[in-house]
1. Please go through (1) touching a residue at least 60 places away in the same chain (Cβ under 8 Å); (2) more than 27 Å from residue 3 (Cβ to Cβ) for residue 36 and return the number of the only condition it doesn't satisfy.
2. Looking at 76, 17, 62 in this structure, which one is under 30 Å from residue 118 (Cα atoms) and free of Cβ contacts under 8 Å to residues at least 40 places away in the same chain?
3. Does at least one position in the range 14-30 carry a residue that is open to solvent by 50 Å² or more (accessible area, probe 1.4 Å), at pLDDT below 95 and not in a strand (DSSP E or B)?
4. For the structure I just gave you, tell me whether residue 33 is at pLDDT 95 or above and either in contact with a helix residue (DSSP H, G or I) (Cβ under 7 Å, 6 or more places away or on another chain) or among the aliphatic types (A, V, I, L, M) (or both).
5. Right, residue 58: in a strand (DSSP E or B), in contact with a Cys (Cβ under 6 Å, 6 or more places away or on another chain) and either surrounded by 10 or more Cβ atoms within 10 Å (Cβ to Cβ) or hydroxyl-bearing (Ser, Thr, Tyr) (or both) or not?
6. Can you pull out the residues in the range 72-93 that are of a type in the set (D, E, K, R), modelled with pLDDT under 90 and out of contact with any Leu (no Cβ under 8 Å at 6 or more places or on another chain)?
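The values are calculated or read from the model by the stated rules, or taken from the named source; none is laboratory data. In this text the structure is predicted, and so the values were computed from the model without any measurement. Cβ coordinates were reconstructed from backbone atoms using ideal geometry, including for glycine residues, and neighbour counts include every protein chain displayed. All accessible areas refer to the heavy atoms of the entire protein, side chains included, with ligands and DNA or RNA removed. Shrake-Rupley method; radii C 1.70, N 1.55, O 1.52, S 1.80 Å.
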Amino acid sequence: MAEVMMQLGSYVFAVDAASYQRLQRATSWRWQAIERIKAAPAMQYMGAGRDEITLDGVMYPAQGLGDLSQMDAMRAEAAKGTPLNLIAAPDDTGGSVHGKWCITRIEQEDTLFLRGGQPQKIKFRVQLVAYG
């Protein structure tokens, strides 16, 4: 059984499959400058901005750590245009649900090729934004 790190929809990031080595999260808030006569602009809070997550990871399909089709499956999922539930570190209690997120970008770098062109190492970056 795979040691699950996070699940996005039906796509699983796991220690012995597609694992991420770095999770970066950026959250912003919107402020608008309001001009005033004979005074510096005042800042008006406009609400929450974007919440973004970037996952950088690696797979080694030749050693059974990940599958060559995993990135294509994630691309197909993203192409559906449907926000996906993000669940972090599922365990016996079901994990921590972080709501719905959208896949906005997937990058992939294949290296160390075997005969026939099969990569031994696949580096990936998946960018997500909270649905809202």
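1. (1)
2. 76
3. Looking for residues that are open to solvent by 50 Å² or more (accessible area, probe 1.4 Å), at pLDDT below 95 and not in a strand (DSSP E or B), one finds at least one in the range 14-30, hence yes.
4. Details: at pLDDT 95 or above: yes; either in contact with a helix residue (DSSP H, G or I) (Cβ under 7 Å, 6 or more places away or on another chain) or among the aliphatic types (A, V, I, L, M) (or both): yes.
Yes; evaluated as a whole, the condition is true for this residue.
5. Numbers: in a strand (DSSP E or B): yes; in contact with a Cys (Cβ under 6 Å, 6 or more places away or on another chain): no; either surrounded by 10 or more Cβ atoms within 10 Å (Cβ to Cβ) or hydroxyl-bearing (Ser, Thr, Tyr) (or both): yes.
Considered against the rule, which asks whether it is in a strand (DSSP E or B), in contact with a Cys (Cβ under 6 Å, 6 or more places away or on another chain) and either surrounded by 10 or more Cβ atoms within 10 Å (Cβ to Cβ) or hydroxyl-bearing (Ser, Thr, Tyr) (or both), residue 58 comes out as no.
6. Matches in the range 72-93: 72, 91, 92.
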